[in-house]
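Asker: Here you go, one structure.
The values are calculated or read from the model by the stated rules, or taken from the named source; none is laboratory data. Predicted, not measured: the structure shown is a model, and the values here were computed from it. Because the Cβ atoms are built from the backbone with ideal geometry, glycine has one as well, and the counts that use them run over all protein chains shown.
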Amino acid sequence: MPAAVTPILSIDRKARKPLHRQIYDAYRDAILSGALRPGQRVPSTRGLAFELGVSRIPVLSAYAQLGAEGYFQSHAGSGTKISLSLPDQGVSSQTPRSLSSVGRHRTANSGLLLRPVNTPPWRRGLGAFAVGQVATEEFPLRVWNSLVARHSRGMNAKSLDYGHPLGLKHLREALASYLRTARGVRCEAEQIMIVSGSQQALDISARALLGPGSRVWIENPGYRYARMAFTLNGCRIVPVPVNDEGLDIASGIERCPHARAVLVTPSHQYPLGATMTASRRLQLLDWAARSGAWILEDDYDSDYRYEGMPISSLQGLDSSAHVIYIGTFSKVLFPSLRLGYLVLPRDLVERFLTVRLAMDIGPATFSQAVLADFIREGHFARHIRRMRLLYRERRHALLHCIEKEFGAEHTVAGEPAGMHICLTFEGVSDREIAARAAHAGLWLVPLSTSYVGKRPRQGFILGFGSTSAREMPYAVRKLRAVINA
């Protein structure tokens, strides 16, 4: 039997790291680098302690940990060896050779459809005109924190287990009641699936309903990250133009009459802000029923309408169960909550559950429980009413300042709704201006980035949710200076 060779172990008695950890780290690194190979004997704990001039206790502790993690194996009468179950070549800890010498990593074909995500300058900061920001300083944190404390005190062993893959029943019941009343959605709690936001809702929908090569109508211009969700799942994007009446259904049918799905934002189109007319809604529902296509209705900021009553959902008009309704709490509460929902036709619930179980089993339950009480106790409805008044004031201030600073040089698109406006210009490069604006602390999203294809319109998507009416004149003057620079 070959004798065990003591490996090179560097022990520093003055180091803050305990001796047993130094011994453990040295052996583990030697195994992973291939210096020690499977089946190779290691010294006994008594022998290594003697060699290192240390007590046997730290050696015993290190050997025990290495054995528990599968790096060592011990047998009576044969001593301790490097585990035979480890790969023979080890896992090299050396700096890998360049990709040019070893070949590029293989990726799934769908990955080739995506470009690397490089955050543009206008997405790197928080402040005036940033899209998607809300007035977090107005959120009723005291109420929310009291609900969090209540649920923290009430936690028990059962609350630590997995929740239902559709989401917490109390939240789904509260949400169903709200959607039926406020949005005209026809649903019961059993049709609602809680997700981490509208982006996950799109991903689950694509996995459940579509396949590689499936054609999907997308609003043009439209939401960039929605396009990415379908592209990642191998779908083929069909850009369909949008005008003042919303998605151009006739153009979509002409371009691709047999698409498998369509994504629309009918209550407040992103980014142009149009509201889909009743005629277009009925055309879309008729086409979906005849062609067997699915309609994904993204109702992302429909609670905020500043003239008249909120527009009822498209789903509420659907008599053939072809609409999947998508909502999110990122705009009406706060983005870091990461909660959204799907309202599904009854015959799709099991299919979506299968996909959900494969993805993440189900959503976290604690924040759902807090949100359920926030809705049921009336705090949610009161918050929506307050924020509707606040955002209306901020939108009015923004439009007034733009009119004062720019006059007839601009065009504002869209209905009086939502948390952004679309400002179009002629003869400018919106990407160049947005990059300059970022250096000045203004976060303008170029309108051209929302288009697919050549010759996009130039302009800016301006969020007003996080800028007070008092701050708006200064921000718009600063915008004017950046554009004229």
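Asker: Inspect all residues belonging to segment 366-381 and state whether any of them is of a type in the set (S, T, N, Q), in the same structural domain as Ala182 (by TED's automatic domain parsing) and surrounded by fewer than 16 Cβ atoms within 10 Å (Cβ to Cβ).
Answerer: Checked segment 366-381: no residue is of a type in the set (S, T, N, Q), in the same structural domain as Ala182 (by TED's automatic domain parsing) and surrounded by fewer than 16 Cβ atoms within 10 Å (Cβ to Cβ).
Asker: A further question follows. Consider Tyr223 against the criteria (1) crowded, with 18+ Cβ neighbours inside 10 Å; (2) within 30 Å of Glu307 (Cα to Cα); (3) touching a strand residue (DSSP E or B) at 6+ places or on another chain (Cβ under 7 Å): it satisfies all of them except one. Which criterion is unmet?
Answerer: (3)
Asker: Picking from Leu357, Leu353, which residue would you name as being touching a Leu at 6+ places or on another chain (Cβ under 9 Å), in contact (Cβ under 8 Å) with a residue 60 or more places away in the chain and either part of a loop (DSSP other than H, G, I, E, B) or closer than 17 Å to Ile192 by Cβ (or both)?
Answerer: One residue alone meets the criteria, Leu353.
Asker: Related question: Give all pairs with beta carbons closer than 6 Å in which a residue from segment 313-328 that is within 25 Å of Gly132 (Cα to Cα) meets a residue that is part of a loop (DSSP other than H, G, I, E, B) and of a type in the set (Val, Ile, Thr); count only pairs at least 6 apart in sequence or on separate chains.
Answerer: Note: pairs meeting the criteria are Ser313/Val185; Gln315/Val185; Tyr325/Val185.
Asker: Is it the case that Leu66 is over 30 Å from Cys422 (Cβ atoms), part of a loop (DSSP other than H, G, I, E, B), modelled with pLDDT of 55 or more and touching a helix residue (DSSP H, G or I) at 6+ places or on another chain (Cβ under 8 Å)?
Answerer: no
Rundown of residues vs (1) over 13 Å from Thr80 (Cα atoms); (2) aliphatic (A, V, I, L, M), yes/no style:
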{"position": "Ala15", "(1), (2)": "yes, yes"}
{"position": "Ile31", "(1), (2)": "yes, yes"}
{"position": "Gly39", "(1), (2)": "no, no"}
{"position": "Val42", "(1), (2)": "no, yes"}
{"position": "Thr45", "(1), (2)": "no, no"}
{"position": "Ala49", "(1), (2)": "yes, yes"}
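Asker: Being under 13 Å from Leu166 (Cβ atoms) and of a type in the set (A, V, I, L, M, F, W, C) is the filter here; which residues of segment 341-358 pass it?
Answerer: Passing the criteria: Leu342, Val343, Leu344, Leu348, Val349, Phe352, Leu353, Val355, Leu357.
Asker: Being closer than 16 Å to Leu9 by Cα, in contact (Cβ under 8 Å) with a residue 60 or more places away in the chain, assigned by TED's automatic domain parsing to the domain that holds Thr6 and not hydrophobic (A, V, I, L, M, F, W, C) is the requirement here; does Asp29 meet it?
Answerer: Yes.
Asker: Still on this structure: May I ask you to verify whether Val54 is at pLDDT 90 or above and either of a type in the set (Val, Ile, Thr) or in a loop (DSSP other than H, G, I, E, B) (or both)?
Answerer: So Val54 does not fit the description; no.
Asker: With respect to Ile421, determine if the residue is in a helix (DSSP H, G or I) and crowded, with 16+ Cβ neighbours inside 10 Å.
Answerer: Answer is no for this residue.
Asker: I would also like to ask the following. Taking the residues in segment 180-197 that are modelled with pLDDT of 95 or more and part of a helix (DSSP H, G or I) as candidates, determine which candidate is surrounded by the most Cβ atoms within 10 Å (Cβ to Cβ).
Answerer: Only one residue tops the list, namely Gln191.
Asker: Here's a follow-up. Looking at segment 133-152, can you tell me whether even one residue there is modelled with pLDDT under 95, surrounded by fewer than 18 Cβ atoms within 10 Å (Cβ to Cβ) and not in a helix (DSSP H, G or I)?
Answerer: There is no residue in segment 133-152 that is modelled with pLDDT under 95, surrounded by fewer than 18 Cβ atoms within 10 Å (Cβ to Cβ) and not in a helix (DSSP H, G or I).
Asker: I've got another one for you. Sort through Glu426, Glu432, Glu415 and tell me the only one that's among the acidic types (Asp, Glu) and within 18 Å of Phe464 (Cα to Cα).
Answerer: When all the criteria are applied, what remains is Glu415.
Asker: Yes or no: Tyr300 in contact with a Lys or Arg (Cβ under 8 Å, 6 or more places away or on another chain), buried (at least 20 other Cβ atoms within 10 Å of the Cβ) and of a type in the set (Ser, Thr, Tyr)?
Answerer: The answer is yes for Tyr300.
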